[in-house]
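This report refers to the structure that appears directly beneath it.
The values are calculated or read from the model by the stated rules, or taken from the named source; none is laboratory data. Quick caveat: nothing in here was measured; it's all calculated off a predicted structure. Here the Cβ positions follow ideal geometry from the backbone for every residue, glycine too, while neighbour counts run over all protein chains shown.
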Amino acid sequence: MFTGTIIYAVINSFILALMAIGFNLTFGISGVANFAYGALYVMAAYVSWILLNLLGFPYIISAVISILCAAALGALMYRLVLLRVRGQALSEVIATFGIGLAILELFRYLGFVGFEYTLPVFIDKSFFIAGTYVDMQRIMIVIIGLGLIILLWLFTHHTSLGLAFRGIAQDERTALTFGMDSDWIATLSVSFGAGLAAVAGTIIIPLGTISVGEGYDVLMKALAVCIIGGLGSTGGVIVASFVIGFAERFTDLYIGSHWTMIVSLAAILIVLVIKPSGLFGKQKELEERI
Amino acid sequence: MKKRKERIDRGIKVRSGDIFALCSLREMLYLSAPRLLPIVAFLVLPLVLSIYWQKVLLFVAVFALLAISWDILAQSGMVSLGQALFFGMGAYSAGVLNHYWGISPFITIPVATIMGGVICTVLLLPLLRLRGIYFAMVTLIIPLMFVRIIEATKIFGGTEGLHGLTPLPSKWLDLYLIVAVLLVALFGFRRMMDSDYGLVLKAINDNDRSVMNAGINIYWFKVQALFISSSIGAFTGAFMTHVYMFVGMPVFALDYSILPIAAAVVGGPGSLAGATLGAFILVPLSEVLRGIGGLRIVFYGLFLVVFIVALPEGIFHYIQRKYNQFERWVEVEK
Amino acid sequence: MSIAPLLQVTNLSKAFGGVLALNRVSFELSEGDLLGVIGPNGSGKTTLVNLITGFVKSGSGEVIYRGRDITNWAPYRIVRLGIARTFQMVRPFYQLPAFKNMIIPLYSSRVKHLVGGKYGDRDAIALDLLEEVGFERDSRVAYKTASVLPQGYLKRLELAKAIALQADLLILDELFSGLSLAEVASIVPIIEKLRHEGKTIIMIEHRLKELFRIADRLIVLNYGMKIAEGSATDVMESDEVKKAYLGTEV
């Protein structure tokens, strides 16, 4: 029972990390808080579903197309909307939130509600690990989550585009003087973030059903993880995912499943009281506030 | 030939800025018309509207108040995405007082206004050190979490909510109470934001360290702004509880967070009048659009985007400019 | 016997990520003094100001003002005690007109009671103060939004905001930087006038010529350490100072 909880807590942590990592990437690089994030997550799943069930595409192809769609939409969103309100953080938030709202409610309006809207698992198999039943999909989540984190690390540390990302993240003006096109990098960062949202959606959704409400939930969870971990810090996101992931499972086990939300809320408030910039936050401007 | 737009204050605006305005009826009218218009509109409309549209007017006033509450907070440098928290806290305070102790609405509404304000302020105290976007993020998730908490703990009726609460004695009282509060709040808080006190709040938004350097405790001022704003929100919540005769989880719904922001953005943030105007446009519009069902929320979303990008100053400032100034194209000198 | 110093700074240190920005700096300041703080770029002058005024939490050491330990107090409490500062990078309220900028310090609890509470009372005082620092009364410059004002006026506005607080100790952080000779010349008399009123002043400055004329005493910082203290001539005689400013030879 206890090892089982540990295993599911680890899986839960990876789910949270996957949900948050794209949001965090975009914010870390370009400072854009993409509030359409949850909508992109759900949209990718719906697109997959439509391609798979209505147009009869193979699963793998529809998944790839849906991820590309999300990435393209992210780029488009930056080019058409965010570019015009760049630097005004609040306008960015309201604009992205508006877009997310429109996407989600459009799906609701079109009638995409019900249990039949779900994606198939990748491989229908399950194992007994340490006396606990774990299905293949959850194992895939851990593997892909781990893989993505490593890939992302390699990408930002060892490719020129990744280094440019980090350059812009650290000091946009200095990066500009070195001839980096910060608008282009920001476009890519929003696009990558959207792509990662879609990846997360494609992997995680098979565990449940696609629903519009999930869009708001995912945004909420991503925000909670990023706030606790410290916005823009990848290490922080991972640590925060594990903190919340374990806390949720253990409250589930010892107190009751309905209390999990309260744990997250309490965690956020406590972290903000002790360290406003989050556990690993590097937002200097925040720390300076005495 | 290159041209640029030149804006010049209208003569009547310049003249009526002076004491001489009192000598000319035309100038007095020029000055007072924009202020009288909303007063007369809100006082007369209930008399001429059908029962259905009276209800709509009531919602206009409620969302206008929520938008005003949002705008005061935003002008003080705290952009909230969670007006529903204020609304919900007021609603539950009133509902609980009425349901468990049977206290009359005439007492629960004022008590819930203060109580909701205090609870929200205390709850958000840890957030005062956050700025801009961080504040926004946390405020977005808090009301949504409250829904889950009520669901989980089953307090105050849990998912069912509290039914059969006492209504206000008459529909006319409902309508005129909310309209009167709106007008008082609109003009009162507009005056407050124009006073030196309001200037300090706006300065915190502009450069908080500079305000600290003037020997002012910004956190104390932020607490006050937060209390004012959350009390307004709590009032609307408490009021609606007695109108619906019900309080439940929907009071923390996203609608109460989003629509006020949409109203403030469309009407024009930074002047509480813009927020009111925005509610006056959006709420009836959403009634008209009711026929298309869920699609109207899609339109809200797009509305937000379009206004943020194309008319960030909002409708009110646009009208204000046209009222006070005339424009013409002049040739740019070489 | 000597009078207790107005400000006493003892062994003040601060490290930013392993780099010692300020290393055990101590000095005393008696009432009515004009202390100049000089040093090359990055020598810790602004850090010293930030530590005294509470904008940066100190690493170690203490700051005592009128016998009270004010180390690590919140900035607004330090201001209320009577220490006002200007910022090197001006921090006006860009969205407000210049004279409305002045309302904020005038609203501070330190000076609030000196002003009538009626709407517009503070505006009149604000305009007077601005005229004092060189905002011409007959021009409309005091009514312009801060975001359109040139640097010279923004610096004056910064000074006026500090004066408005009626502090006993004024800390002016590179007030002259970025100003033309003529502008500096017009501000020097304002500072001299403040001295006649009995204010104690600390000036951080790069413009040595002007500073030497008005300062009673100088301290020189280099790499976070105090390397010299004394009158202008004494200080410039010091070998260490020559080395810091001009390189090894001389």
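Below is a table of values for the structure above.
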read-out: Flag for B:Glu287 being in a helix (DSSP H, G or I) and of a type in the set (Asp, Glu); value: yes
read-out: Within region C:145-250, strands (runs of 3 or more DSSP E) holding 1 or more residues that are among the basic types (Lys, Arg) and closer than 25 Å to C:Val9 by Cα; value: C:217-222, C:225-230
read-out: Selection count, region C:112-144, where residues are in contact (Cβ under 8 Å) with a residue 12 or more places away in the chain, surrounded by fewer than 23 Cβ atoms within 10 Å (Cβ to Cβ) and assigned to a helix (DSSP H, G or I); value: 8
read-out: Of all residues in region B:282-306 being more than 9 Å from every other protein chain (Cβ to nearest Cβ) and without any contact (Cβ under 8 Å) to a residue 60 or more places away in the chain, the one that is surrounded by the most Cβ atoms within 10 Å (Cβ to Cβ); value: B:Ser286
read-out: Members of region A:106-121 that are within 14 Å of chain B (Cβ to nearest Cβ), touching a residue at least 24 places away in the same chain (Cβ under 8 Å) and of a type outside the set (Val, Ile, Thr); value: A:Phe107, A:Arg108, A:Phe112
read-out: Region A:230-243 - residue that is touching a Gly at 6+ places or on another chain (Cβ under 9 Å) and modelled with pLDDT of 85 or more and, of those, nearest to A:Leu272 (Cα to Cα); value: A:Ala240
read-out: Condition met for B:Ile141 (in a helix (DSSP H, G or I) and either in contact with a Lys or Arg (Cβ under 7 Å, 6 or more places away or on another chain) or at the interface with chain A (Cβ under 10 Å from one of its Cβ atoms) (or both)); value: yes
read-out: Any hit, region B:212-221, residues being part of a helix (DSSP H, G or I), in contact (Cβ under 8 Å) with a residue 60 or more places away in the chain and closer than 23 Å to B:Phe316 by Cβ; value: no
read-out: Scan of region B:151-172 for residues that are under 18 Å from B:Ser93 (Cα atoms), touching a residue at least 40 places away in the same chain (Cβ under 8 Å), more than 10 Å from every other protein chain (Cβ to nearest Cβ) and assigned to a helix (DSSP H, G or I), ordered by number; value: B:Phe156, B:Gly157
read-out: Residue check for B:Gly274: touching a residue at least 40 places away in the same chain (Cβ under 8 Å) and touching a His at 6+ places or on another chain (Cβ under 7 Å); value: yes
read-out: So A:Tyr117, is it more than 19 Å from A:Gly38 (Cα to Cα) and among the hydroxyl-bearing types (Ser, Thr, Tyr); value: no
read-out: In region B:184-205, residue nearest to C:Arg85 (Cα to Cα) [restricted to those that are within 7 Å of chain C (Cβ to nearest Cβ) and free of Cβ contacts under 8 Å to residues at least 12 places away in the same chain]; value: B:Ala203
read-out: Residue within region A:82-90 that is among the β-branched types (Val, Ile, Thr), farther than 25 Å from A:Gly208 by Cβ and surrounded by 23 or more Cβ atoms within 10 Å (Cβ to Cβ) present; value: no
read-out: Residues satisfying the stated conditions in region B:228-279, i.e. in a helix (DSSP H, G or I), among the aromatic types (Phe, Trp, Tyr) and over 11 Å from the mean Cα position of the chain (by Cα); value: B:Phe235, B:Phe239, B:Tyr244, B:Phe252
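A quick yes/no check of all residues on (1) under 22 Å from the mean Cα position of the chain (by Cα); (2) more than 7 Å from chain B (Cβ to nearest Cβ); (3) among the basic types (Lys, Arg):
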site: A:Leu76; (1), (2), (3): yes, yes, no
site: A:Val81; (1), (2), (3): yes, no, no
site: A:Arg84; (1), (2), (3): no, no, yes
site: A:Ile123; (1), (2), (3): no, yes, no
